[in-house]
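The values are calculated or read from the model by the stated rules, or taken from the named source; none is laboratory data. Note that the structure is a prediction, hence the values are computed from the model and not measured. All Cβ positions, even for glycine, are placed from backbone atoms using ideal geometry, and neighbour counts span all protein chains on display.
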Amino acid sequence: MEIVAAAVLGKYIGAGLACIGMAGAAIGVGNVAGNFLAGALRNPSAAAGQTATLFIGIAFAEALGIFSFLVALLLMFAV
């Protein structure tokens, strides 16, 4: 009985550790947006040409957070 409880506890600890990736994604999105804003304030005429790059960077950073969320869900609910 104790082995089963330890396995369930291990699943939740692993899922919590996988959620660290979501914090990393939030830091990455903030970094991308902050650097874009700093560049746009330095050169406002070039900001319009960089918005596509901004959205691509945000999408890549957010995808890593979604993958870590998926891993956490798989750890918690997979058999």
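Of note, residue 25 does not satisfy the criterion of being surrounded by fewer than 16 Cβ atoms within 10 Å (Cβ to Cβ) and of a type in the set (A, V, I, L, M, F, W, C). Here residue 31 fits the description: surrounded by 12 or more Cβ atoms within 10 Å (Cβ to Cβ) and over 24 Å from residue 75 (Cβ atoms). Taking region 65-76 as the range and being at pLDDT 90 or above and loosely packed, with under 15 Cβ neighbours inside 10 Å as the test, the residues that pass are 66, 67, 70, 73, 74.
Out of the residues in region 2-17 meeting the condition of being touching a residue at least 12 places away in the same chain (Cβ under 8 Å) and out of contact with any Leu (no Cβ under 6 Å at 6 or more places or on another chain), tell me which one is farthest from residue 60 (Cα to Cα). By that ranking, first place goes to 12.
Please tell me if residue 68 is out of contact with any helix residue (DSSP H, G or I) (no Cβ under 8 Å at 6 or more places or on another chain) and hydroxyl-bearing (Ser, Thr, Tyr).
Judged against the criteria, residue 68 is not a match.
What residue, among those in region 44-59 that are in a helix (DSSP H, G or I) and either β-branched (Val, Ile, Thr) or in contact with a helix residue (DSSP H, G or I) (Cβ under 8 Å, 6 or more places away or on another chain) (or both), is farthest from residue 17 (Cα to Cα)? Residue satisfying both the conditions and the ranking: 46.
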